[in-house]
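Quick notes on the structure that follows.
Computed from the coordinates by the stated procedures, all read-outs in this text should not be read as laboratory data. Owing to the predicted nature of the structure, the values given are computational and were not obtained by experimental measurement. Here the Cβ positions follow ideal geometry from the backbone for every residue, glycine too, while neighbour counts run over all protein chains shown.
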């Protein structure tokens with residue numbers, strides 16, 4: 001079965017939380033453009049779905065519980081900024097409307113307030 005698709009940018013963070021908490025690597029990776037950039041730890045960047053898949057495969061092999069407060073989306077035409085906040089951390093992502101009208105992340109910075117990487121648990125994402 002295909003993963004649910006983001007029909008509006010507001011769907012992306014909700015879908016991420018659902019897919020990540022289910023340990024669904026493919027569902028999480030499906031939220032990214034083919035050449036997306038994912039800054040998964042300070043100084044470390046994964047470029048493209050295969051590199052992003054490797055990061056999430058490791059992280060979700062022992063899935064933490066992902067929580068957070070999804071913030072209002074900031075949108076300008078076909079580009080949007082999404083964000084989720086948690087105690088001591090926040091994410092920021094840039095999404096783009098696709099030719100079919102769905103939305104995917106093109107840039108993801110999952111840890112804008114701390115130094116922890118994915119191996120340190122859910123607060124890193």
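Compute the acute angle (0 to 90°) between the alpha-carbon long axis of helix 10-21 and the principal axis of greatest extent of the alpha-carbon atoms of the chain; round to the nearest 10°.
That works out to roughly 40 degrees.
Over the Cα atoms of the chain, each weighted equally, I'd like the Debye log10 I(q)/I(0) at q = 0.11, 0.17 Å⁻¹, rounded to two decimals.
Each listed q maps to, in turn, -0.31, -0.79.
To the nearest 10 degrees, how steeply does helix 49-60 sit against the main Cα axis of the chain, on a 0 to 90 scale?
40
Tell me, in nm to one decimal, what length is gained between residue 35 and residue 70 on full extension, where the rule is 0.36 nm per residue of separation less the Cα-Cα distance?
Taking 0.36 nm per residue and subtracting the Cα distance, the gain is 10.2 nm.
Compare the peptides 18-31, 65-78, 86-99 by average per-residue count of other Cβ atoms within 10 angstrom and give them in order, highest first.
Sorting 18-31, 65-78, 86-99 by mean packing, highest first, produces 18-31, 86-99, 65-78.
Could you please rank 16, 40, placing first whichever residue has the fewest other Cβ atoms within 10 Å of its Cβ?
In order of increasing Cβ crowding within 10 Å: 40, 16.
Determine the calculated [θ] at 222 nm for the chain from helices alone, applying -39500 (n - 2.57) to every DSSP H run no shorter than 4 residues and normalising by the residue count; nearest 500 deg cm²/dmol.
Only helices count here, giving -6500 deg cm²/dmol.
For segment 93-110, list residues with backbone N below 20 Å from a point placed 7 Å from the Cα of residue 22 toward its Cβ?
What the label zone holds, given the 20 Å backbone N cut-off, is 102-105.
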